[in-house]
Every structure is written in C-alpha cells, then in structure tokens.
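The numbers here are math on the coordinates, done by the rules we state, and not lab data. Given the structure is predicted, the values throughout are model-derived calculations rather than measurements.
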Amino acid sequence: RNIIADLTRESGFPPLLINPIDFVGLYHQRLEEMKKQQEKQTVN
C-alpha cells in the first residue's frame, strides 16, 4: 500500500488512498466458512 502511494505521489499523479486490509480477519473469516462447509458435508 505504501509503495503504491509513494509511487503515485512521486510520479505526479493525485494521491491514491487505499484502505488497509485486515488479512488476519480475512483468514479467520475464511476458516469459519470452511468449517461451516465441512459441517454441512458431514450432515449430508
């Protein structure tokens, strides 16, 4: 994110504002989805 922001600023483009990404939160969310899918498969 910082690299892209620095690159756009230094090359004369307007600032590019990118929100931070919570990779840990995405990982936990994906784990929960996988757990639900496995539970659904074991029930069937």
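Assorted remarks:
- When you work out D = kT/(6 pi eta Rh) for the chain at 37 °C and 0.692 mPa s, using the Kirkwood radius from C-alpha pairs as Rh and the Stokes-Einstein form, the result is 245 µm²/s.
- Calculated [θ] (222 nm, deg cm²/dmol) that DSSP helices of n ≥ 4 give over the chain, each run adding -39,500 (n - 2.57): -22500 deg cm²/dmol
- Angle in degrees between helix 23-43 and the longest Cα principal axis of the chain, rounded to the nearest 10: 20
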